Amino acid sequence: MQAFLPGERRESILCVDDTPANLQLLHPLLKDSYRVRLANSGAAALEAVERETPDLILLDIMMPGMDGYEVLRRLKADPRFNAVPVIFFTAMSSPEDEERGLLAGAADFVTKPIVPPVLLARVRSHLASKQWRDFLLNRNQWLEAEVERRLNEINRMQDTSILVMTSLAEFRDEDTGNHIRRTQLFVELLANDARQKNAFASALDDETLHLIVKSAPLHDIGKIAIPDHILLKPGKLTDEEFAIMKTHTVKGYNILTRAVQNLADSGRYLEIACQITRSHHEKWDGSGYPDGLSGEAIPLPARLMALADVYDALRSARPYKKPFSHEQALSLIREGQGRHFDPRLCALFLDREKDIANVHKRLHD
């Protein structure tokens with residue numbers, strides 16, 4: 001007899017047989033080591049597992065009404081119980097009967113009359129296997145939760161780093177106002193529409209689209225390295241000053257590249273930000289800066305940003321110009337289709353003009 005401490009959990013075994021003599025044999029054989037529950041029919045067995053899920057089931061096959069095969073089928077069909085090991089114990093002893101039981105999902109097949117040491121050994125073996133399966137399942141669930149927690153930490157770190165860097169840019173250039181938030185929403189609208197087109201679908205999976213939208217606010221981060229007398233000049237820049245202003249693309253790229261190197265495998269969102277920051281002033285016809293890229297050589301995130309940035313710049317007041325109307329800005333965007341902007345993205349942008357206008361109105365400076 002095995003002794004158990006008060007309150008110690010003992011594994012439970014459900015014994016199912018329509019013959020009372022068999023249940024009377026099983027109960028004393030198992031009760032000193034396990035919590036034993038009895039059921040005298042298939043229906044009673046299913047009711048019993050609903051009340052408490054056992055650790056193992058000893059199941060007779062030949063029972064009136066619902067036989068053991070049907071009980072097993074219903075247990076395996078229910079996610080709550082399909083991992084509970086079921087041992088058939090039966091007078092059916094042909095190889096065909098055993099094969100049918102094992103193919104149906106039984107963990108083992110024991111023939112009557114019962115040999116107590118053999119039955120106990122098989123019960124112990126299957127309960128030990130179940131303990132390991134449960135341990136591994138719980139371990140996997142813990143690992144999944146831990147991975148999710150770490151991913152959430154990384155996402156919070158990414159969001160915080162973007163907030164800090166964009167706040168620096170806004171602090172240096174107060175004229176931008178809601179420019180950063182508006183352009184991010186413009187990019188999101190345009191990228192979602194572009195994903196529906198075959199030409200862009202493969203490049204805009206869920207993760208990439210999310211990272212483009214997340215990275216968009218960093219497009220002008222390089223302006224924090226532009227001297228105040230140029231960045232904050234209350235008038236139009238000279239050619240020499242504009243040449244210095246244009247270096248914000250490369251300066252921003254260099255800032256983010258160093259961050260990517262420090263973040264290693266956590267830095268893909270900054271890699272996309274690098275593309276946007278360096279190349280959002282490139283033009284489809286190759287006349288942009290800093291690298292004179294043209295066509296599809298311009299990274300897609302930068303092509304999306306170019307439309308958002310130019311439209312918003314046209315609509316915004318600056319010390320050297322009044323804001324353009326929505327219609328005036330659209331006219332200039334339309335003129336730039338195929339020259340300044342990717343013609344396919346430009347068409348999508350123009351199709352979204354009402355939504356674009358609503359965003360600008362809602363976040364007007």
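The values are calculated or read from the model by the stated rules, or taken from the named source; none is laboratory data. As the structure is a prediction and not an experimental result, all values here were calculated from the model. Cβ placement follows ideal geometry from the backbone for every residue including glycine, while neighbour counts extend to all protein chains displayed. To get the accessible areas, we keep the full protein, side chains included, count just its heavy atoms, and leave off ligands, DNA and RNA. Shrake-Rupley method; radii C 1.70, N 1.55, O 1.52, S 1.80 Å.
Tabulated data for the structure shown
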read-out: Among the candidates Glu96, Glu146, residue that is within 38 Å of the chain's Cα centre (by Cα) and free of Cβ contacts under 8 Å to residues at least 60 places away in the same chain; value: Glu146
read-out: Exclusive hit being within 48 Å of the chain's Cα centre (by Cα) and touching a residue at least 12 places away in the same chain (Cβ under 8 Å), set Ala104, Ala91, Ala121; value: Ala104
read-out: Given (1) over 28 Å from Ala317 (Cβ atoms); (2) surrounded by fewer than 15 Cβ atoms within 10 Å (Cβ to Cβ), index of the condition Asp239 fails; value: (1)
read-out: Filter pass, Leu307 being closer than 30 Å to Gly235 by Cα and either among the charged types (D, E, K, R) or part of a helix (DSSP H, G or I) (or both); value: yes
read-out: Residues satisfying the stated conditions in segment 102-141, i.e. modelled with pLDDT under 85 and open to solvent by 60 Å² or more (accessible area, probe 1.4 Å); value: Arg133, Phe135, Leu136, Leu137, Asn138, Arg139, Asn140, Gln141
read-out: Selection from segment 22-47 of residues that are of a type outside the set (Ser, Thr, Tyr) and under 19 Å from Asp67 (Cβ atoms); value: Asn22, Leu23, Leu26, Leu38, Ala39, Asn40, Gly42, Ala43, Ala44, Ala45, Leu46, Glu47
read-out: Leu304 open to solvent by 50 Å² or more (accessible area, probe 1.4 Å), under 23 Å from Ala216 (Cα atoms) and touching a helix residue (DSSP H, G or I) at 6+ places or on another chain (Cβ under 9 Å); value: no
read-out: Strands (runs of 3 or more DSSP E) lying entirely in segment 27-94 (those with 2 or more residues that are within 17 Å of Phe109 (Cβ to Cβ)); value: 56-59, 86-90
read-out: Arg278 vs. criteria open to solvent by 30 Å² or more (accessible area, probe 1.4 Å), within 31 Å of the chain's Cα centre (by Cα) and under 20 Å from Tyr253 (Cβ atoms); value: yes
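Here's the yes/no breakdown for (1) within 22 Å of Lys112 (Cα to Cα); (2) in contact with a strand residue (DSSP E or B) (Cβ under 6 Å, 6 or more places away or on another chain):
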{"residue": "Glu11", "(1), (2)": "no, no"}
{"residue": "His27", "(1), (2)": "yes, yes"}
{"residue": "Ala48", "(1), (2)": "no, yes"}
{"residue": "Leu56", "(1), (2)": "yes, yes"}
{"residue": "Leu59", "(1), (2)": "yes, yes"}
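Each row is one residue, and each column tells you yes or no for (1) farther than 26 Å from Ala225 by Cβ; (2) aliphatic (A, V, I, L, M).
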position: Tyr253; (1), (2): no, no
position: Leu270; (1), (2): no, yes
position: Leu293; (1), (2): no, yes
position: Met305; (1), (2): no, yes
position: Glu335; (1), (2): yes, no
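Conditions (1) polar (S, T, N, Q); (2) in contact (Cβ under 8 Å) with a residue 40 or more places away in the chain; (3) open to solvent by less than 60 Å² (accessible area, probe 1.4 Å), marked per residue:
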residue	(1), (2), (3)
Leu23	no, no, yes
Lys31	no, no, no
Arg37	no, no, yes
Glu50	no, no, no
Pro54	no, yes, yes
Glu70	no, no, yes
Pro79	no, no, no
Pro85	no, yes, yes
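This table checks each residue for (1) over 30 Å from the mean Cα position of the chain (by Cα); (2) surrounded by 14 or more Cβ atoms within 10 Å (Cβ to Cβ).
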site: Gly292; (1), (2): yes, no
site: Pro299; (1), (2): no, yes
site: Tyr311; (1), (2): yes, yes
site: Ala329; (1), (2): yes, yes
site: Gln337; (1), (2): yes, yes
site: Arg344; (1), (2): no, yes
